[in-house]
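A quick write-up on the structure given underneath.
Taken together, the values in this text are just the output of simple stated rules run on the coordinates, not laboratory data. Treat the numbers as computed from the prediction; the structure is a model and nothing was measured. Counting neighbours? That spans all protein chains shown, and the Cβs are built from the backbone with ideal geometry, glycine included.
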Amino acid sequence: MRKTSAEPKAVLAGNHFMDGDHALAEGALAAGCRFFAGYPITPSTETAERFAERCPHVGGLFIQMEDEIASVAALIGAAWGGQKVMTVTSGPGFSLMMENIGLAAMTETPLVIANVQRGGPSTGLPTLTAQQDMMQARWGSHGDYRIIALCPDSPQECFDLAVEAFNLSETYRVPVFIMTDETVGHMHEKVVIPPAEEIEVVERNYFTGPKEDYRPYKFDGGIAPMVKAGDGYRFHVTGLVHNEKGYPVINAEQGKINITHLIEKIDGNADKIIRLEEDGMEDADVVVLSYGITSRIAIKAVLDARKLGMKVGALRLITVWPFCEKRIAEISKTVKGIVVPEINYGQIVREVERSAAGRCKVISVNHTGGAVHEPEVILAAIQEAGK
Amino acid sequence: MNDEPTLTPPEEESPMSSVLRMERMPHIWCPGCGIGTVVTSFAEALKKSGLDQDKVAVVSGIGCSGRVAGYVNFDSIHATHGRAIPVATGLKLANPELKVVVISGDGDIMGIGGNHFIHAARRNMDITVICINNFTYGMTGGQVTPTTPTSANASTTPYGNYEYPFSMPFVADACGATYVARWTSLHARRITKSIEEALNHKGFSFIEVITPCTTLYQRRNRLGDGLDTLQYYHDESEIRHGADTRETAIDFQGKIVMGKFVERHKPTYLEAVNERYANVIGDDYQLYGGIPSEKEKEKKAKEQGKAE
């Protein structure tokens with residue numbers, strides 16, 4: 001992987017008062033994204049608007065497509081045309097994107113999608129917050145594949161994780177999701193954009209060898225370099241099960257090779273990909289596991305519990321997918337319980353239960369969306385877990 | 001003494017080998033199918049067009065015609081069902097020096113992908129779309145499509161089709177396409193000429209080719225084999241260049257009005273983008289896509305004038 005720093009003309013270095021949606025656009029631009037295809041949807045539209053405004057000044061292109069299906073299709077085309085690409089959406093649009101997310105996973109096309117989550121199902125609560133698409137992010141397209149999903153808890157992290165999302169996407173040639181939410185998306189806070197030379201950017205790995213040697217895929221555990229349409233390599237990519245040349249091979253044997261690769265390139269690198277933030281975990285009896293906006297409510301409950309003399313740790317998932325199952329298994333051996341507040345009816349808690357495998361209590365603090373938790377509800381669950 | 005001449009077959013290279021992925025032959029298409037004719041015409045047109053073949057990309061959707069992308073020796077993407085046009089849009093916009101061609105079927109382009117078709121035409125996106133219209137979903141076994149003529153039999157209209165079909169040239173024209181033509185697979189040389197024109201056309205160019213699906217559409221409707229279908233095309237087609245596209249509907253086994261219906265010029269999507277930004281932002285705006293600005297062009301022209 002060739003690492004460089006960001007292109008100075010696209011980096012608004014300095015201190016800003018900015019919302020999460022705008023910070024996403026700035027992070028994408030800093031990461032080298034110069035192509036954005038999207039469709040308006042609340043509460044994500046500000047990201048598209050910002051990109052539309054900024055792109056003519058940085059040599060980028062914004063196109064508003066006819067729908068979210070076309071948006072991701074255009075990203076796939078543009079990625080193979082040599083661009084770093086992004087779109088942004090919310091629940092209903094995320095549902096429409098699932099078809100071509102599968103194509104991107106299958107063709108190992110790097111792209112970044114931010115989902116500024118709102119309450120569902122269907123049109124749900126368009127203007128109000130939720131974290132109800134966490135499982136959809138993981139399983140939403142048909143078939144077996146893997147993706148990476150990151151979860152920012154602040155506008156600053158929207159910027160930071162947008163850069164990281166692009167870097168991961170180029171490193172593993174995989175769709176990367178930024179699973180934020182309406183609250184973080186619309187919250188204005190201080191965002192510090194570092195000078196361009198301090199922003200590490202992973203450049204796309206391009207093949208430069210002889211034309212006849214090019215293979216768009218590598219199924220031996222590695223990640224194949226890409227080529228750009230127009231460079232004479234005459235690549236072929238398909239959503240069908242394929243061989244390393246990219247040609248369809250329709251049988252179970254090739255399916256095993258192809259699909260295993262899609263899974264292993266992420267699962268096999270999970271330790272390198274996963275980022276967690278931990279606080280007070282050393283002697284904790286109870287751990288509160290949270291992500292995104294909920295972690296900022298959870299911390300209040302954690303502090304209140306500590307005031308009551310309880311030993312409570314806080315674990316924040318920055319990477320939600322791949323899931324930190326090894327770490328949860330470790331924790332489950334030493335704590336009485338893990339409390340999982342999330343703004344859905346209990347999604348990531350299932351992963352926690354699976355990883356804890358009955359070794360400790362796992363308490364779901366669910367919420368049907370439209371608002372964040374009351375810290376008292378989480379505190380009550382901490383007390384229950386500590387019994 | 002044995003003076004019999006030894007006969008070895010001449011090792012001739014196929015005239016198609018520069019444009020097809022020969023290692024992938026034989027293809028999946030049935031005897032009598034018209035897709036091969038269109039691919040051959042496309043290959044011929046490309047050779048004649050003088051385009052740099054490294055700068056040509058082909059995108060297909062799903063279905064029998066969707067397999068074209070996998071057989072042509074260009075940068076190629078076999079996309080999801082109906083999504084070839086937006087994939088082509090992204091490819092073209094990411095790398096405007098490419099000539100991007102969508103080759104797909106009627107179900108793919110006008111059925112599930114209809115929304116993308118009308119919007120790409122509206123934007124005058126600078127791509128060429130070739131729709132192989134065999135009036136049926138062949139890959140899935142002969143279901144009715146949005147172009148199947150009324151009363152024709154399909155596996156999902158076993159009592160005959162009761163819907164009104166689209167005439168694709170009319171849709172394309174109404175939505176803003178700047179080049180629109182229709183031929184049948186009998187008219188191979190005319191398809192070739194049309195594709196060559198479309199490849200050299202700036203803006204959204206659309207060519208519909210009416211083809212047989214002998215295995216499903218023709219057989220189910222008792223229309224004979226591929227040759228009988230070509231005879232029908234021969235007897236019932238009528239060339240009317242510049243015809244009003246409102247009069248291009250096709251009735252079951254009825255007259256097929258064909259020809260070059262539309263050829264007009266207006267700024268492409270990218271030209272419109274650049275023009276708008278340049279007007280509003282002014283000199284600070286660098287034209288997207290490595291296109292020299294008017295000022296740069298003038299400067300270059302002046303320099304050339306001096307040199308001469």
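Overview of results
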quantity: For B:Thr150, distant residues with modelled amide H under 5 Å away; calculated: B:Phe252
quantity: Solvent-free Debye scattering, log10 I(q)/I(0), computed from the Cα coordinates of region B:22-263 at q = 0.07, 0.08, 0.15 Å⁻¹; calculated: -0.19, -0.25, -0.96
quantity: Pairwise Cα inverse-distance average, inverted: Kirkwood Rh of region A:278-386 (Å); calculated: 13.3
quantity: Virtual paramagnetic centre 7 Å along Cα→Cβ of A:Lys218, amide N under 18 Å, in region A:1-18; calculated: A:1-3
quantity: Region A:302-348 versus region B:121-197: alpha-carbon centroid distance in Å; calculated: 57
quantity: Placed amide H near A:Ile363: partners under 5 Å, 5+ positions off or other chain; calculated: A:Ile338, A:Val339, A:Val340
quantity: Quarter of the Cα convex hull surface for region A:145-237, i.e. its orientation-mean projected area (nm²); calculated: 8.4
quantity: Selected from B:Gly82, B:Gly113, B:Gly105 as most flexible by GNM, with chain B as the system and alpha-carbon contacts under 10 Å; calculated: B:Gly113
quantity: Cα-centre dipole for region A:2-203 with unit charges at Cβ (Lys and Arg positive, Asp and Glu negative), debye to 20; calculated: 360
quantity: Excluding exposed DSSP-loop chymotrypsin sites (Phe, Trp or Tyr not before Pro) (at most 12 other C-beta within 10 Å), longest clean stretch of chain B; calculated: B:1-158
quantity: Choice from B:Arg24, B:Arg190, B:Arg123 with maximal GNM fluctuation in chain B (Cα, 10 Å cutoff); calculated: B:Arg24
quantity: Reachable lysines, given that their alpha-carbon falls under 20 Å from the alpha-carbon of A:Lys361 and they are not under 8 places away in the same chain; calculated: A:Lys311, A:Lys326, A:Lys333, A:Lys336, A:Lys387
quantity: Nonlocal amide H pairs with B:Lys99, under 5 Å, H built at 1.01 Å; calculated: B:Val56, B:Ala57
quantity: Antiparallel bridge percentage (DSSP; both residues within region B:1-113; nearest 5); calculated: 10
quantity: Pairwise Cα inverse-distance average, inverted: Kirkwood Rh of chain A (Å); calculated: 21.3
quantity: Residue-averaged [θ]222 nm for chain B, counting only DSSP H segments that reach four residues, each worth -39500 (n - 2.57); calculated: -9500 deg cm²/dmol
quantity: Relative contact order of region A:278-386, defined on C-alpha pairs under 8 angstrom at six or more residues apart (%); calculated: 32
quantity: Folded to 0 to 90 degrees: helix B:188-199 orientation relative to chain B principal axis, Cα; calculated: 20
quantity: Alpha-carbon gyration tensor eigenvalues x 5, square-rooted, for region A:228-345, Å; calculated: 44, 16, 12
quantity: At R0 = 30 Å, FRET efficiency that the Cβ-Cβ distance of A:Thr260 and A:Glu325 yields, to 0.05; calculated: 0.95
quantity: Under 16 Å from the Cα of B:Lys48 - lysines, other chains or at least 8 residues apart; calculated: B:Lys99, B:Lys193
quantity: Relative contact order (percent, whole number), chain A, Cα cutoff 8 Å, 6+ residue spacing; calculated: 18
quantity: Sites A:Glu376 and B:Lys47 - FRET efficiency at Förster radius 60 Å, r taken between beta-carbons, to 0.05; calculated: 0.20
quantity: In order through region B:145-151: 3J(HN,Hα) via Karplus (6.51 cos²θ - 1.76 cosθ + 1.60), integer Hz, x for Gly, Pro; calculated: 10, x, 10, 4, x, 4, 5
quantity: Residue mean of other protein chain beta carbons inside 10 Å, B:92-102; calculated: 5
quantity: Residue (of A:Val11, A:Ser154, B:Tyr162) at the positive-pole extreme of the protein assembly as shown, dipole from beta-carbon charges; calculated: B:Tyr162
quantity: Cα-based Kirkwood hydrodynamic radius, region A:244-284, one decimal, Å; calculated: 13.3
quantity: A:Lys9 paired with B:Arg219, simple spin-label distance in nm, labels 7 Å along Cα-to-beta-carbon; calculated: 5.9
quantity: Phi to ³J(HN,Hα) by Karplus 6.51 cos²θ - 1.76 cosθ + 1.60 over region A:220-230, Hz, x for Gly, Pro; calculated: 9, x, x, 10, 5, x, 9, 10, 10, 4, x
quantity: Cα long-axis angle, helix B:114-123 against chain B (0 to 90 degrees, to the nearest 10); calculated: 30
quantity: Among A:Lys361, A:Lys311, A:Lys333: highest mean-square fluctuation, GNM of chain A, C-alpha pairs under 10 Å; calculated: A:Lys333
quantity: Part-to-part distance (alpha-carbon centres) for region A:265-296 and region A:139-180, which is given in Å; calculated: 16
quantity: Ranked B:Glu12, A:Glu351, B:Glu236, criterion: other C-beta atoms within 10 Å, fewest first; calculated: B:Glu12, B:Glu236, A:Glu351
quantity: Kirkwood Rh, Cα atoms: Rg over Rh of region A:2-203; calculated: 0.93
quantity: Partners for A:Lys9 among lysines (Cα-Cα distance below 21 Å; same-chain residues under 8 apart left out); calculated: A:Lys84
quantity: Label-point separation in nm, A:Glu197 to B:Lys202, each point 7 Å along Cα→Cβ; calculated: 4.3
quantity: Enclosed volume per residue, in Å³, of the convex hull spanned by Cα atoms of the protein assembly as shown; calculated: 217
quantity: B:Glu12 paired with B:Arg240, simple spin-label distance in nm, labels 7 Å along Cα-to-beta-carbon; calculated: 4.2
quantity: Crossing angle, helix B:294-307 versus chain B [Cα axis fit, 0-90 degrees, rounded to tens]; calculated: 80
